[in-house]
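The values are calculated or read from the model by the stated rules, or taken from the named source; none is laboratory data. As the structure is a prediction and not an experimental result, all values here were calculated from the model. Cβ coordinates were reconstructed from backbone atoms using ideal geometry, including for glycine residues, and neighbour counts include every protein chain displayed. Surface areas here come from the heavy atoms of the whole protein model, side chains and all, with no ligands, DNA or RNA. Shrake-Rupley method; radii C 1.70, N 1.55, O 1.52, S 1.80 Å.
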Amino acid sequence: MDFSFSEQEEAFRAEVRAFLAEANPNAELPGQSGDEEEGGDIERAMNRLPKLMAWNQALYERGWVGFSWPEEVGGGGGGLVEQMILKEEVGKARAPMLGLSYMGLAWVGPGIIRYGSEEQKKRFIPPILKAEEHWCTGYSEPGSGSDLASLQCKAVRDGDEYIVDGQKTWTSLAQWAQWMILLVRTDSEAPKHKGITCLLVPMDSPGLEVRPIKTMNGETPFAEVFFDGVRVPVSQRLGAEGQGWEVTKHALANERSSIAEVTALVQDLEDLIELARRRRRGGRLAIEDPEIRRRLAYMQSTIEAMRLSGLRFLTKQLRGEPVGAETSINKLLRAQLGIETGRLANDILGSYGQLRRGSSGAVAGGRWARQMLSWPSYVIGGGTPNIQKNVIAERILGLPHDV
Ligand SMILES: Cc1cc2nc3c(=O)[nH]c(=O)nc-3n(C[C@H](O)[C@H](O)[C@H](O)COP(=O)(O)OP(=O)(O)OC[C@H]3O[C@@H](n4cnc5c(N)ncnc54)[C@H](O)[C@@H]3O)c2cc1C
């Protein structure tokens, strides 16, 4: 494998570094750990919104939001290697992400580019790039999560519209999104994977109700969504009727690969090492404790393995091959490290690690306590570890389905 970059790619890296040194809004925002900011993660993100919108605009004007999307839809038309360099440098500089419309950029946009009509591309792609519209994902239902294809929320055709009835649950960011990418059953007679259709639905549709769900860390990152006779124009169907499962497989592979990026993990690891250098544990600095050192080293080597796996996926993409089941490897490792990060921080900090924002003695605005309480749910989002292991066993290792 050749790990070297071309002259042109190195020049691009230098351009990105120069831009970040000048424009990175985190350089002047309060610390990311947010000791001095009030509220939960989502509220703090909302407080930062005006500055982040300006950041998004600056990146958009350079063609760096939707960097590798085709120019004809408004993307940057850039190459995948440069895109990786861009993400790497943004991560190293601890600058905010490349674009604010998270789900729009990670899987809705790619889905529309691949399966959408020309009108849909014109209508939906620019507001995703400019962060003017945000999306949520209506797949899971109370009885359909891992076995998503068993979903029951149904849509019946009525002239130029579908009428949707049913319920979705665990819909992340539903309270803040303007649009939902929704999976519905349009044919209950067909085999379960074939009777599913994908619709693009405005969240202010009459008959659509959002009820936020509170988690154990006190935040409301997701919601239940109810549909009672919601009318959706046929022109807002993504792909053909009955093609919803194919559209979703494409989206889920994108979701798992975006969930698995290592940038945030590298930052967590740097912060943990810094923490271990400052805090004492059992009469010595935590960094001098062999058990803590072993766990830090395990994290570092796992992140490196994930980074190399990421390069393997990139090579496949450069060859024009689809990335599918392999993304489950990094999704699984990401989940394990997310849990380990919170536990390790708490073992370094002892009981101080349990203190939440606002408590006297809370470390980094209660960041590590939040990590401990949030990760158990993040592990499930995008598919549970058991399901990732099934995918790896069957589709990568070729093991039999039933043993
Ligand atoms: C933080 C978070 C964000 C989310 N965001 C969204 C979102 O935006 N949109 C959305 O549609 N959904 C979202 N979800 C839902 C998520 O996709 C589902 O929770 C997940 O797919 C699991 O489904 P379930 O909850 O129905 O559990 P179940 O499928 O009922 O699973 C229960 C248990 O059984 C195990 N299990 C099930 N089937 C098998 C099998 N075949 N082999 C081995 N073990 C199995 C599972 O691993 C799990 O341990 C989110 C969930 C979380 C926690």
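Observations on the structure shown:
- The criterion of being more than 16 Å from the ligand (Cβ to nearest atom) and without any contact (Cβ under 8 Å) to a residue 12 or more places away in the chain holds for S351.
Per-residue answers, yes or no, for (1) in contact (Cβ under 8 Å) with a residue 12 or more places away in the chain; (2) assigned to a loop (DSSP other than H, G, I, E, B); (3) under 30 Å from V323 (Cβ atoms):
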position	(1), (2), (3)
V164	yes, no, no
Q175	yes, yes, no
G229	yes, no, no
G242	yes, yes, yes
A253	yes, no, yes
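- Number of positions in region 146-192 that are in contact with a Phe, Trp or Tyr (Cβ under 6 Å, 6 or more places away or on another chain) and acidic (D, E): 1
- Looking across region 217-243 at every residue that is charged (D, E, K, R) and within 15 Å of the ligand (Cβ to nearest atom), the one that is least open to solvent (accessible area, probe 1.4 Å) is identified as E219.
- All positions within region 161-172 that are touching a Cys at 6+ places or on another chain (Cβ under 9 Å), more than 30 Å from L373 (Cβ to Cβ) and open to solvent by 10 Å² or more (accessible area, probe 1.4 Å): D165, G166
- Residues satisfying the criterion are present in region 234-253 (criterion: among the hydroxyl-bearing types (S, T, Y) and outside the structural domain of S146 (by TED's automatic domain parsing)).
- Matching residues, region 101-136, being in contact (Cβ under 8 Å) with a residue 60 or more places away in the chain and either near the ligand (Cβ under 9 Å from one of its atoms) or assigned to a strand (DSSP E or B) (or both): M103, C136
- Residue list for region 173-196, restricted to those being among the hydroxyl-bearing types (S, T, Y) and surrounded by fewer than 17 Cβ atoms within 10 Å (Cβ to Cβ): S188
- The single condition among (1) more than 16 Å from the ligand (Cβ to nearest atom); (2) within 22 Å of the chain's Cα centre (by Cα); (3) open to solvent by less than 10 Å² (accessible area, probe 1.4 Å) that P202 does not meet is (3).
- Positions within region 140-159 being open to solvent by less than 20 Å² (accessible area, probe 1.4 Å) and either within 6 Å of the ligand (Cβ to nearest atom) or touching a residue at least 40 places away in the same chain (Cβ under 8 Å) (or both), in sequence order: L148, A149, L151, C153, A155
- Just one of the listed residues (G358, G342) is open to solvent by 20 Å² or more (accessible area, probe 1.4 Å) and either away from the ligand (no atom under 16 Å from the Cβ) or touching a Phe, Trp or Tyr at 6+ places or on another chain (Cβ under 8 Å) (or both), and it is G358.
- Of all residues in region 208-227, those being touching a residue at least 40 places away in the same chain (Cβ under 8 Å) and not in a strand (DSSP E or B) number 7.
- Selection status of G34, modelled with pLDDT of 90 or more and open to solvent by less than 40 Å² (accessible area, probe 1.4 Å): no
- Candidate set: region 192-234, residues that are basic (K, R) and more than 18 Å from S172 (Cα to Cα); chosen: the one modelled with the highest pLDDT: R231
- Candidates Y298, Y378, filtered to the one that is open to solvent by 60 Å² or more (accessible area, probe 1.4 Å), within 26 Å of I213 (Cβ to Cβ), of a type outside the set (S, T, N, Q) and not in a loop (DSSP other than H, G, I, E, B): Y378
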